[in-house]
1. For n ≥ 4 DSSP H runs only, could you compute -39500 (n - 2.57) per run for the chain, divide by its residues and tell me the 222 nm figure to the nearest 500?
2. Within segment 17-95, which trypsin sites (Lys or Arg not before Pro) sit in a loop by DSSP and count at most 14 neighbouring Cβ atoms inside 10 Å?
3. Where Lys and Arg each count +1 and Asp and Glu each count -1, what net charge lies around Ala89 among other residues with Cβ under 11 Å from its Cβ?
4. Given H placed 1.01 Å from N in the peptide plane, which residues other than close sequence neighbours of Val100 have an amide H under 5 Å from its amide H?
5. If you average the sequence gap of Cα pairs under 8 Å that are 6 or more apart and divide by the length of segment 3-144, what percent do you get for the contact order?
6. Under 1.5 on a/c is rounded, so check that first for segment 12-60, then, if it is not, pick prolate when a/b is larger than b/c and oblate when it is not; a ≥ b ≥ c are the square roots of the alpha carbon gyration tensor eigenvalues.
7. Residues with beta-carbon under 14 Å from that of Leu16, excluding Leu16: net charge, scoring Lys, Arg +1 and Asp, Glu -1?
8. To the nearest 20 debye, what is the magnitude of the charge dipole of the chain about its Cα centre, counting +1 on the Cβ of each Lys and Arg and -1 on the Cβ of each Asp and Glu?
Amino acid sequence: MTETIYILNGPNLNLLGKRQPEIYGYDTLEDIEGVCTELAADAGYAVRFLQSNHEGQIVDWVHEARSEASGIVINPAAYTHTSVAILDALNTFEGPVLEVHISNVHKRESFRHHSYVSLRADGVIAGFGTEGYALAVRRMISLLG
Ligand code: CA2
């Protein structure tokens, strides 16, 4: 059966490409989904690409991933810096977890320098723009392969 990579996106990322392009670029989430899906398909993987503005929904998707996904790529957005609930959920997932940030969070406000999710992530990409998602999917494929 085809293995699936979950790609989870947190609050406000539905606005990608529509607001603040100077920080987050011009690609929309749909553009990113297309690139990731193609990359994964070339390597024989499926992608489930999701976005929510609600913390509990992201927790529920991580729970779903426990039985449905081989790996998780996650940009938790602002929940990166606040959510023990998402960290706890990720700690119940047995496969690889990769954290993505479009912007270089370390070059921004100090409250963005700490990530709860990094306590679980096997790798972190920040500041590579929306290309960071494709890099994370490539890395996920090599970790799963
Ligand atoms: O750089 C990233 O990917 C972030 O995860 C983005 C979050 C931010 O809170 C993190 O510190 C870093 C914010 C996502 C907001 O997305 C928007 C996209 C377009 C327009 C406005 C917001």
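1. -11000 deg cm²/dmol
2. Hits after loop and neighbour filter: Lys18, Arg19.
3. -2
4. Amide H to amide H, under 5 Å and 5 or more residues apart or across chains, Val100 pairs with Ile74, Asn75, Ile125.
5. 28 percent
6. Here segment 12-60 falls in the oblate category.
7. -4
8. 420 debye
The values are calculated or read from the model by the stated rules, or taken from the named source; none is laboratory data. It should be emphasised that the depicted structure is a prediction, and the values quoted were computed from it without experimental measurement. Note that each Cβ is placed from the backbone with ideal geometry, even for glycine, and that neighbours are counted across all protein chains shown. With ligands, DNA and RNA removed, areas are computed over all heavy atoms of the protein, side chains included. Shrake-Rupley method; radii C 1.70, N 1.55, O 1.52, S 1.80 Å.
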